[in-house]
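Bear in mind these aren't lab numbers, they're just calculated from the coordinates by the rules spelled out. All figures in this text were calculated on a predicted structure; none of them were measured in a lab. Don't worry about glycine lacking a Cβ; one is built from the backbone with ideal geometry, like all the others, and counts go over all protein chains shown.
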Amino acid sequence: MAAVPMRKQYITDKGKAWGGITISDEKMLEMTRKFLRTTKWRGGFELELMKNKDGELYLLEINPRLPAWIYLAVGVGQNIPEALVNLAMGEKVIPFSSYDVGKMFIRYAWDMIVDREEFEQISIYGEL
């Protein structure tokens, strides 16, 4: 239905993607298709792969969920969450055939300074 290969450009100390870029990699896409054929998986997932200097791919892990960086897929032309919802609702969904290569995402954190009392109000009651 959809697939967007992404290379981690910046990672946290735990190996999580803090920034990444979409790439064109037919070997990755073929490995994804083989995973789907073999397992008959239905739903979102993430394959984490590593490529050695000779270009060989190694499977590190399979995450049976959409990745935290899923909005990158939306930004490059494949709204995977919407497609999955439409499939779950029994609607016809046309498989995605392309995506923009070379688009990046960068995660950022924003510190907010608030009064403790206001935070308690919104945490407990859901409003100020």
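The alpha carbons of the stretch 6-125 occupy a box of 54, 42, 26 Å along the principal axes, longest dimension given first. Cα centroids of the stretch 1-21 and the stretch 53-128: how far apart, whole angstrom? Answer, in whole Å: 12. Comparing Leu60, Leu49, Leu72 in a Gaussian network model of the chain, where Cα atoms under 10 Å apart are tied by springs, the biggest mean-square fluctuation is seen for Leu60.
Among the GluC sites (Glu not before Pro) in the stretch 60-97, those placed in a DSSP loop whose Cβ has at most 10 other Cβ atoms within 10 Å are Glu91.
Using helices alone, I'd like the mean residue ellipticity at 222 nm for the chain: each DSSP H run of four-plus residues gives -39500 (n - 2.57), total over residue count, nearest 500. Don't jump to the answer; show the numbers that get you there.
On the way: 4 runs with 39 residues, N = 128.
The per-residue figure over the chain is -9000 deg cm²/dmol.
For the chain, leaving out every one of the chymotrypsin sites (Phe, Trp or Tyr not before Pro) that falls in a DSSP loop and has at most 10 other Cβ atoms within 10 Å, the longest unbroken run is 1-107. With springs only between Cα atoms under 10 Å, which of Met28, Met50, Met89 fluctuates most in a Gaussian network model of the chain? The residue with the greatest mean-square fluctuation here is Met89. On full extension, the segment bounded by Lys34 and Ser123 gains 27.5 nm, given 0.36 nm per residue less the C-alpha separation.
Ser97 to Asp54: extension gain in nm, 0.36 nm per residue of separation minus the Cα-Cα distance?
Net length gain for the segment: 12.7 nm.
Once both labels are positioned 7 Å from their Cα atoms along Cα-to-Cβ, the gap between Ile62 and Phe45 label points is 0.4 nm.
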